[in-house]
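No value in this document is a laboratory result; all are computed from the given coordinates. None of the values given here were measured: they were computed from a predicted structure. Ideal geometry is used to build each Cβ from the backbone, glycine not excepted, and the neighbour counts take in all protein chains shown.
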């Protein structure tokens, strides 16, 4: 019986939460946050001017709700990948 349990454990494998080496080249095709309308310095980031699109050059999409309602640290042109330096607290 113990042998059967060990075989079942091996069949389940292990959980990996980090990307596999084979996924490294496809990471750039993931989504990230981009500014989709021109935003002036001091203007708020809203659902209208920030979207989650490809490629993955900006902030991770899970930062979307953290960015909403914050002001732009400088003028940001449409099509710019959103970074933490562009968001003022």
Given a cut-off of under 8 Å on Cα pairs at least six residues apart, what relative contact order in percent is computed for the chain? 30
Extension gain from residue 5 to residue 70, taking 0.36 nm per residue of separation minus the Cα-Cα distance: 18.1 nm
Please give, to one decimal in nm, the separation of the simple spin-label points placed at residue 17 and residue 36, each 7 Å out from Cα toward the Cβ. 3.1
With springs only between Cα atoms under 10 Å, which of 56, 11, 24 fluctuates most in a Gaussian network model of the chain? 11
With 10 angstrom as the radius, rank 60, 51, 65 by how many other C-beta atoms surround their C-beta, starting from the fewest. 65, 60, 51
Residue separation between residue 77 and residue 48 times 0.36 nm, minus their alpha-carbon distance, gives in nm 9.0 nm
For 33, 12, 44, which order do you get if you count the other beta carbons within 10 Å of each Cβ and list the fewest first? 12, 44, 33
If you stretched the chain out fully between residue 89 and residue 26, how much longer would it get, using 0.36 nm times the residue separation minus the C-alpha to C-alpha distance? 19.5 nm
Debye intensity ratio in log₁₀ form over the Cα atoms of the stretch 31-89, taken at each q of 0.17, 0.23, 0.24, 0.30 Å⁻¹: -0.41, -0.79, -0.87, -1.42
What list do you get for 29, 64 if you sort them by fewest beta carbons within 10 Å? 29, 64
